[in-house]
1. Evaluate the relative contact order of the chain (contact order divided by residue number), counting alpha-carbon pairs under 8 angstrom at least 6 apart; express in whole percent.
2. With the radius of gyration and the Kirkwood radius both derived from the Cα set of region 67-167, what is their ratio Rg to Rh?
3. What is the Cα coordinate range of region 115-227 on the first, second and third principal axes, sorted by size from largest, in whole angstrom?
4. How many percent of Cα pairs in region 32-106 exceed 20 Å?
5. Kindly flag which residue pairs out of K147/K191; K56/K176; K116/K176; K151/K191; K78/K130; K115/K147 have an alpha-carbon separation exceeding 22 Å in this structure.
6. May I ask you to compute the full-extension gain from S133 to D71, defined as 0.36 nm times their residue separation minus their alpha-carbon distance, rounded to one decimal in nm?
7. Could you work out the relative contact order of region 45-116, using alpha carbon pairs under 8 angstrom and six or more residues apart, expressed as a whole percent?
8. Need the full-extension length gain, R206 to R105, defined as separation in residues times 0.36 nm minus the C-alpha distance. One decimal, nm.
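What follows draws every value from the coordinates through simple rules; no lab data is involved. Since this is a predicted model, take the numbers as computed values, not measurements. Cβ coordinates were reconstructed from backbone atoms using ideal geometry, including for glycine residues, and neighbour counts include every protein chain displayed.
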Amino acid sequence: MQYPNITVQIFLYDISFLCYIITNNTMTLREETFIMKLLEDRIRKDGIVKEGNVLKVDSFINHQMDVNLFDEMGKEWKRLFADRPINKILTIEASGIGIACVAARSFNVPVVFAKKAQSINIDGDVYACKIESFTKKRIYDVIVSKKFLSKDDHVLIIDDFLANGCAVLGLLDIIKEAGATVEGVGIAVEKGFQRGGKLIRDMGIRVESLAIVESMDATTGEIVFRK
Ligand code: 5GP
């Protein structure tokens, strides 16, 4: 049921966009709001707010994956980062991989994912950093093979969530170690009430989050998005 739903929504949206162009003769705002609205509606419908500032979206992002939705997200990041010479997408296992792979189709570039590793296996052939997992409250060693990231790379980081920013900061460390260039960060759901977004934007890095949760309440289930 999800596939026709999205197709129908895209069709209706395209019609209204056409009307919008005819009446306003401008192309600002609308495409951006389409995917934001699609994602926000889906989060409102299927997202579950858990205690501890955790938003569960495992029926369409983290476990079962709505690839048509991912495809629209990829197209939107491609549009937003059109001016950047991106030749590689970097994400982190596990939940970033699905979104990154589908988004990579819009960019026509390879995806590299940072692997969680045992410190014992870390040798000189890899870039390594430590990342604290927001959901599992554990610190992981994370590695990327030197074969797959170099100073010639222009990298877009993609992840499902941005909370306190540990995952993105770790990936930024790895990119820095490789001497590669960070072109930006694409996030599906940013929890705007946590510090990651501000932290990374304050570093001068462009962050494009498709939905930004301003607040959420585990008791009522209410989710408010940033406009
Ligand atoms: P951060 O490193 O920014 O604190 O957290 C980002 C990472 O933690 C993401 O890779 C994501 O997998 C996980 N994460 C953070 N917050 C949430 C959440 O509310 N729901 C889910 N499902 N994952 C989250």
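1. 17
2. Working: Rg = 14.1 Å, Rh = 14.4 Å.
For region 67-167, the value is 0.98.
3. Per principal axis, max minus min of the Cα coordinates gives 49, 29, 18 Å.
4. Working: 983 of 2775 pairs.
Across region 32-106, Cα pairs with separations above 20 Å total 35 percent.
5. K147/K191; K56/K176; K151/K191; K78/K130
6. That works out to 19.7 nm of additional length.
7. 29
8. Numbers: separation 101, 0.36 × 101 = 36.36 nm, distance 2.11 nm.
Using 0.36 nm per residue and subtracting the Cα-Cα distance, I get 34.3 nm.
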